[in-house]
1. At a 1.4 Å probe, what is the % contribution of carbon and sulfur to the accessible area of the stretch 136-207?
2. Can you compute 3J(HN,Hα) from phi for each residue in the stretch 157-171, using the Karplus curve 6.51 cos²θ - 1.76 cosθ + 1.60 with θ = phi - 60°, rounded to whole Hz and x for Gly and Pro?
3. Classify the chain: rounded, prolate or oblate, from the alpha-carbon gyration tensor (a ≥ b ≥ c, eigenvalue square roots; a/c under 1.5 rounded; otherwise prolate if a/b is larger than b/c)?
4. Calculate the FRET efficiency for Ala229 and Asp125 from the Cβ-Cβ distance with a Förster distance of 25 Å, rounded to the nearest 0.05.
5. Between Asp166 and Ser26, what's the calculated FRET efficiency when r is the beta-carbon distance and R0 is 25 Å? Round to 0.05.
6. Over the alpha-carbon set of the stretch 68-138, work out the extent along each principal axis and list the three values in angstrom, largest first.
7. Tell me the label-point distance for the pair Asp79, Ala50, using the 7 Å Cα-to-Cβ offset, in nm and rounded to one decimal.
8. Nearest 5 is fine: what % of DSSP beta bridges in the stretch 1-158 come out antiparallel, could you say?
Amino acid sequence: MTSSDSAHNAPAKAPAKDPWDLPDVSGLVVGVLGGTGPQGKGLAHRLARAGQKVIIGSRAADRARAAAEELGHGVEGADNAETARRSDVVIVAVPWEGHGATLESLREELTGKLVVDCVNPLGFDKKGAYALKPQEGSAAEQAAALLPGSRVTAAFHHLSAVLLQDPDIDEIDIDVMVLGEERADVEIVQALAGRIPGMRGVFAGRLRNAHQVESLVANLISVNRRYKAHAGLRVTGV
């Protein structure tokens, strides 16, 4: 057989996967650590409204249950450990100051889970918000270092808690930057973002690129203060 014959008989190359062909995530249970804070509560509200099963977590289970009752839409409340255990996907929306300690304390419960870190390490002074640079490089990379048995991604950084919690707003016009190491994990998070009307999840690189995504929130805070707005981001051309 000649080399040309071999080439002719070689199996056809599979077509490239459509990057917008995302999985069905409607059956996944989503836990939100820090679910009683503005960002976590807002995300829980939006996902539950979209039909997702949501559990919000807090250090105090009674606070979580009270917040869940306020949200309705079948949202449940529990302490952080129970929330982590019962969820397929766990969104981390705790304050930056407690980020490392919270994750370290939940390492066992988060083993095997898909973790979505949306924490923004920021400082504030009289000039406004500014980005902090964690030793690991970013909040997401700190999470990955603390949770070696989890699949860590990063997303939902640029969402206005005010818009998320407003019951009169049906759609939120924004793209969600999603970062992670494994395509399958990133696509699950993209699909979750896409469950919320008006949102779209867009792959934005691996976790080593999380710092600039987290840091951009400081710029958005400056935009919002100047223009009395709740600005987000859209990626054009994709």
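The values are calculated or read from the model by the stated rules, or taken from the named source; none is laboratory data. Everything numeric here is computed off the predicted structure, so don't read it as measured data. Reconstructed Cβ throughout: ideal geometry from the backbone, glycine too, with neighbour counts over all protein chains shown. The accessibility values were calculated without ligands, DNA or RNA, using every heavy atom of the protein model including side chains. Shrake-Rupley method; radii C 1.70, N 1.55, O 1.52, S 1.80 Å.
1. Details: 1330 of 2650 Å².
That fraction is 50 percent.
2. 6, 9, 9, 6, 4, 4, 5, 4, 8, 6, x, 8, 9, 8, 10
3. Details: a/c = 1.65, a/b = 1.49, b/c = 1.10.
Note, shape of the chain comes out prolate.
4. Details: r = 22 Å, r/R0 = 0.88.
About 0.70, to the nearest 0.05.
5. Values: r = 24 Å, r/R0 = 0.95.
Calculated value: 0.55.
6. 42, 30, 16
7. 3.1 nm
8. Numbers: 4 of 25 bridges.
Bridges in the stretch 1-158 that DSSP calls antiparallel: roughly 15 percent.
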